[in-house]
Amino acid sequence: MEWFVQQLINGLALGSIYALIALGYTMVYGILRFINFAHSDVLMLGAFAAYFVAPPVTHLFPPQSYAGALAVLLLSAVICAIIGMLIEFLAYRPLRRRPRLTVLITAIGVSLFIEYTCQHEKVFGAQLKPFPKLLAEQNFHPAGLSINGNDVVVVVVTALLLAGLWYLVQKTRMGLAMRAVSFNEKAAALMGVNINRVISFTFGLGSALAAVAGVFYAMRAQGIEPLMGIKPGLYAFIAAVLGGIGNLPGAALGGLALGLIETFAGGIPALSNYRDGIAFAILIFILLFKPSGLLGKTQVEKV
Amino acid sequence: MMLEIKNLNVSYGAIGALHGISLQVEQGAIVTLIGANGAGKSTTLRAISGLARAKGQILYQGKDITNLPPHKIVAAGLSHVPEGRMVFANLTVMENLQMGAYLQRDKSVIRTTEEFIFSVFPRLAERRKQLSGTLSGGEQQMLAIGRALMGQPKFLMLDEPSLGIAPLLVKTIFEKIVEINKTQGITILLVEQNANLALEVASYGYVLETGQIILEDKSDALRANPKVKAAYLGGM
């Protein structure tokens with residue numbers, strides 16, 4: 001029982017991180033219909049942004065306080081939002097009217113460019129760097145259990161962000177424009193929507209969420225390095241497909257599902273070496289029976 | 001002159017769609033553009049609303065609006081109801097209308113326009129909470145027109161409003177188009193394959209054939225023209 005609850009919290013925390021990343025993939029796909037492979041590198045840059053801002057910023061707050069951690073998180077989100085918008089502006093916007101394959105290959109190029117530039121010794125270097133302890137290690141012990149406090153923080157912050165995102169997409173003018181653009185870009189333009197601004201905003205939003213995920217991921221990892229985004233990026237991509245690419249609740253659900261699967265499979269000694277395999281097997285299995293993903297709708301093309 | 005097009009050329013890749021057309025629309029008028037499928041009618045509207053890149057000149061109230069991005073054209077007061085209606089099927093009727101009012105900031109103006117649209121198309125009021133993808137073709141056309149009106153246009157472009165709609169509804173929709181023109185003073189440029197219907201409501205018409213204007217005249221004269229009769233009015 002204790003084992004189960006601990007794995008559950010742990011899995012929810014990991015799943016929250018995947019969910020935050022998956023939302024970025026799925027939002028960009030929803031609007032531009034391509035997979036932004038550089039998204040996993042934005043998450044890495046989020047962790048590095050926090051690595052560099054943390055020492056001066058946390059200095060302004062009581063040591064390892066929530067306020068200090070929040071300030072670092074916010075700054076890193078803002079930095080990544082700008083990076084995400086820059087990537088869109090410089091790499092993808094000039095290719096807007098080109099075949100989607102061109103953009104997809106460009107995305108892979110951007111990803112490799114960021115990864116290998118950052119590995120250069122004059123940039124970040126390839127070796128593992130210790131991530132600053134933003135919050136103290138703390139464990140709760142309700143009813144004889146041992147629960148990692150930072151996992152709870154991750155889950156709670158993610159829940160708040162998901163609620164905020166839902167509000168933004170469903171209730172605000174920008175959210176309405178995003179939904180309209182994702183359905184029909186030309187028709188949205190005919191309503192007076194500045195398409196470029198909506199796309200830019202979407203990249204900024206997705207990248208900010210990725211930055212938060214990157215910081216959370218770094219808090220749980222041994223350290224940070226320029227290739228650290230690849231694995232969570234891949235898992236989050238699977239999560240987005242699993243939930244139904246283009247579907248926001250689907251991405252969140254897929255992320256949580258994958259986090260739980262990975263944690264529980266990893267927690268069983270006989271399965272722990274196969275956890276990546278198990279995650280992919282589940283993806284293949286679900287896509288065999290529901291190609292549009294868990295919450296995805298079957299696309300009906302109308303002429 | 002409300003809208004003036006001079007020597008407009010549009011091509012899609014290597015294929016020319018419009019070869020130097022010129023036309024004029026007077027303030028408060030309903031002017032129609034008729035012609036067969038593929039003649040370039042929709043392309044003309046797409047060029048005006050900024051969806052297609054064009055060479056030549058498009059003047060709106062004397063100002064050059066050629067190749068402005070679509071959102072600036074809308075802001076200038078021109079609305080385009082595209083072919084195939086293009087309602088946002090993933091949004092409700094109400095949300096579609098909100099999208100139409102995207103550039104409108106004045107809440108009371110938005111409310112008055114909404115009321116006007118619901119009075120013209122009561123069917124939309126009944127279905128305001130429904131996803132617009134579940135509406136019938138005719139209702140979607142009403143929504144597309146209503147959505148365009150939400151933007152307070154002074155100049156409305158309608159692309160094939162009769163396409164794929166039950167004949168009974170087509171009559172209603174054309175009556176509404178005239179009503180909108182009369183009561184709101186909105187100038188209308190109407191593209192139609194159904195030339196009979198279009199020439200009935202319009203005061204002036206242009207006949208487009210393979211990207212060129214081959215005829216233009218008052219609607220009555222066009223309806224009496226033997227060439228138009230033979231080619232576009234079913235020989236009546």
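Looking only at B:Ala101, B:Ala195, B:Ala125, which one moves most when chain B is put into a Gaussian network model with springs between Cα atoms under 10 Å? For chain B, modelled as a Gaussian network with Cα springs under 10 Å, the answer is B:Ala125. Of all aspartates and glutamates in the structure, those lying under 16 Å Cα to Cα from B:Lys41, and not within fewer than 8 positions of it along the same chain, are B:Glu4, B:Glu83, B:Asp159, B:Glu160, B:Glu192, B:Glu209, B:Glu216. Between 0 and 90 degrees, the angle of helix A:149-171 with respect to the longest Cα principal axis of chain A falls at about 20 degrees.
Net charge around A:Ala54, counting only other residues with Cβ within less than 13 Å of its Cβ (Lys, Arg = +1; Asp, Glu = -1)? Result for the neighbourhood of A:Ala54: +2.
Summarised in one figure, the compactness ratio Rg/Rh of the protein assembly as shown, Cα atoms and Kirkwood Rh, is 1.08.
The alpha carbon centroids of the range A:223-258 and the range B:169-236 are separated by 55 Å. Exposed loop sites were defined as GluC sites (Glu not before Pro) in DSSP loop states (anything but H, G, I, E or B) carrying at most 11 other C-beta atoms within 10 Å; in chain A the longest segment without such a site runs A:138-300. Need the list of lysines near A:Lys290 for cross-linking: C-alpha distance under 22 angstrom, and skip anything on the same chain fewer than eight residues off. Within the straight-line cut-off, A:Lys290 pairs with A:Lys302. With the Kirkwood sum run over all distinct C-alpha pairs, the range B:43-92 has a hydrodynamic radius of 11.7 Å.
Considering only alpha-carbon pairs that sit under 8 angstrom and 6 or more positions apart, the relative contact order computed for the range A:185-303 is 20 percent. Counts of other chain beta carbons within 10 angstrom of each beta carbon in peptide B:91-101 average 3. With a cut-off of 19 Å, note down the residues of the range A:142-174 whose backbone N falls inside the zone around a label point 7 Å from the Cα of B:Thr134 toward its beta carbon. Those under the cut-off are none; the list is empty. Pairs with C-alpha atoms separated by more than 19 Å, drawn from the list A:Lys231/A:Lys297; B:Lys72/B:Lys154; B:Lys154/B:Lys182; A:Lys171/B:Lys129; B:Lys6/B:Lys63, are A:Lys231/A:Lys297. What is the angle, in °, between the Cα long axis of helix A:100-119 and the longest principal axis of the Cα atoms in chain A? Nearest 10 is fine, range 0 to 90. With both axes taken from Cα atoms, the answer is about 30 degrees.
Over all distinct Cα-Cα pairs of the range A:138-191, the Kirkwood formula returns a hydrodynamic radius of 13.9 Å. Backbone amide hydrogens, once placed in the peptide plane, bring B:Ala17 within less than 5 Å of B:Val10, B:Ser11, B:Tyr12, excluding anything fewer than 5 places away on its chain. Within the listed set A:Gly244, A:Gly192, A:Gly84, the Gaussian network model of chain A (springs between alpha-carbon atoms below 10 Å) gives the highest mean-square fluctuation for A:Gly192. Amide H contacts of A:Ile224: A:Lys129, A:Phe131, each under 5 Å away and 5 or more positions distant or on a separate chain (H built 1.01 Å from N in the peptide plane; Pro and chain starts excluded). Over the protein assembly as shown, DSSP H runs of length four or greater, each weighted -39,500 (n - 2.57), average out per residue to a 222 nm ellipticity of -18000 deg cm²/dmol.
Each 10 Å bin from 0 upward holds the following percent of the Cα-Cα pairs of the range A:13-106: 15, 39, 28, 13, 4, 0. Computed on the Cα trace of the range A:152-279, the radius of gyration divided by the Kirkwood hydrodynamic radius gives Rg/Rh = 1.04. Spin-label model, A:Leu145 to B:Thr172: label points 7 Å out along the Cα-to-beta-carbon direction sit 5.8 nm apart. Diffusion coefficient of chain A by Stokes-Einstein, Kirkwood radius over Cα pairs, 20 °C, 1.002 mPa s: 108 µm²/s.
Read-outs throughout are calculated quantities, based only on the coordinates presented, and are distinct from any laboratory measurement. Values in this document were obtained by computation on a predicted structure and should not be read as measured data. Methodologically, a virtual Cβ is constructed for each residue, glycine included, from the backbone with ideal geometry; neighbour enumeration extends over all protein chains shown.
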